[in-house]
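All remarks here apply to the structure that follows.
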Amino acid sequence: MSSSKLIKGSLATIILKLLEDQEKMYGYEITQKVKAITAGQFKITEGALYPTLHKLESEGFLTTETQMADGRVRKYYSLTKEGNEEVKHKVSELEDFIENLQKLLKTKLTIG
Amino acid sequence: MKLAHYQIDQLKEYISTQSIWYEDVREEILDHVASIVEEKMTEEDVSFVNASAEAFNELDIHKFQRAKLLAEHKAVLKEVLREMKSFLSGTRLIYLATLVSFIGFIFSINADLTQEIWPFAMMGPILLMVYFIAIPTYLRKYRVLYLSYYFSRINGIYLPTMFFSSLITWADDWLLSRPLWCIAITSFYFLYVASGLLIMNRTLKKVKVRAAQY
């Protein structure tokens, strides 16, 4: 399984966490931030990013505002009150998952 | 390196030839593509034309539009249910109680009167809803039918309302002979309509803010 498929499962959590740390971000800025933090190891494609952003917005976790920037309309995403609560829940869920995965990967299985 | 206005216009022109109907979708695609082009021209030292071609190859803009519409349509139903749920507590509960009491009162006074006002009661909310299509469409500066979030709300709210209204009208004899069922179902119907109208009002305000900005 490629890392992009592994990232896809936790993309919502990544986006919510980034927006918790930064008041508002636009789509391209999110992809660049992830690339910068992970030194290029994680690359989020537009095909994965925008459906996730739109889904989070439709679920009420994100709100949007548009502004003129660099000669075009830019849409910024930010967390709603429900989004702020959801971040904690999602991050905790992912941390538990990673902890259990580490236990599984370190386990040496024996026969008999 | 920031793109010049004529370069952004060229990207805008290309997107407009690609059957991207909704303006908000076009704006988001344009911003993303323009950002990629700026990065490529700065870091990879490629020309505007080559950078644009690569950017459009990377982004499936039709899939983008489809995914956006699907998300918006799903959002509408959830939003209506949230709005309806808000009437079950706080001050809005008083409005709901008033609505149910009024419907019950109409049924209790006179069966003939109920029969008379029944068609108007069903059609009235639909006429109210037409306001949110007719006026903004007439006032062309809002271009509401070119905004995915407005269009999806029209679909998500009006179509079920017309379906419910038709169903209730079709079953009117059955309902009118069962007052309790009739009160419950018509209360639900009017609650759905009221929630839809509140959402459309908020969405229209959002459109007006957007129109004032640009």
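The values are calculated or read from the model by the stated rules, or taken from the named source; none is laboratory data. This structure is a prediction, so every number in the text was calculated from the model and none was measured. Here Cβ is always computed from backbone atoms with ideal geometry, including for glycine, and neighbour counts include all displayed protein chains. The area values use the complete protein model at the heavy-atom level, side chains included, leaving out ligands, DNA and RNA. Shrake-Rupley method; radii C 1.70, N 1.55, O 1.52, S 1.80 Å.
Given A:THR66, A:THR13, A:THR31, which one is within 14 Å of chain B (Cβ to nearest Cβ) and part of a helix (DSSP H, G or I)? Outline the logic, then answer.
Numbers: A:THR66 fails: part of a helix (DSSP H, G or I); A:THR13 fails: within 14 Å of chain B (Cβ to nearest Cβ).
Within the list A:THR66, A:THR13, A:THR31, the selection yields A:THR31.
For the range B:55-76, give me the residue count where each residue is more than 19 Å from B:ILE154 (Cβ to Cβ) and exposed (fewer than 15 other Cβ atoms within 10 Å of the Cβ). Reasoning before the result, please.
Within the range B:55-76, the subset more than 19 Å from B:ILE154 (Cβ to Cβ) is B:55-64, B:67.
If we keep only those that are exposed (fewer than 15 other Cβ atoms within 10 Å of the Cβ) as well, we get B:57-58, B:60, B:62-63.
Qualifying residue count for the region: 5.
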> Quick one: in the range B:141-198, which of the residues that are open to solvent by 60 Å² or more (accessible area, probe 1.4 Å) and among the polar types (S, T, N, Q) is farthest from B:ILE103 (Cα to Cα)?
Replying inline: B:SER166
> Taking B:MET41, is it within 23 Å of A:ALA69 (Cα to Cα) and either open to solvent by less than 50 Å² (accessible area, probe 1.4 Å) or out of contact with any strand residue (DSSP E or B) (no Cβ under 7 Å at 6 or more places or on another chain) (or both)?
Replying inline: yes
>> Under 7 Å between Cβ atoms, which residue pairs at least 6 apart in sequence (or on different chains) link something in the range B:1-28 that is outside any helix (DSSP H, G or I) with a partner that is among the aliphatic types (A, V, I, L, M)?
In response: B:MET1/B:MET41; B:LEU3/B:ALA34; B:LEU3/B:VAL37; B:GLN18/B:ILE61; B:ILE20/B:ILE29; B:ILE20/B:ILE61; B:TYR22/B:LEU147
> Restricting attention to the range B:199-214, and to residues there that are part of a helix (DSSP H, G or I) and within 12 Å of another protein chain (Cβ to nearest Cβ), which single residue is surrounded by the fewest Cβ atoms within 10 Å (Cβ to Cβ)?
Replying inline: B:ALA212
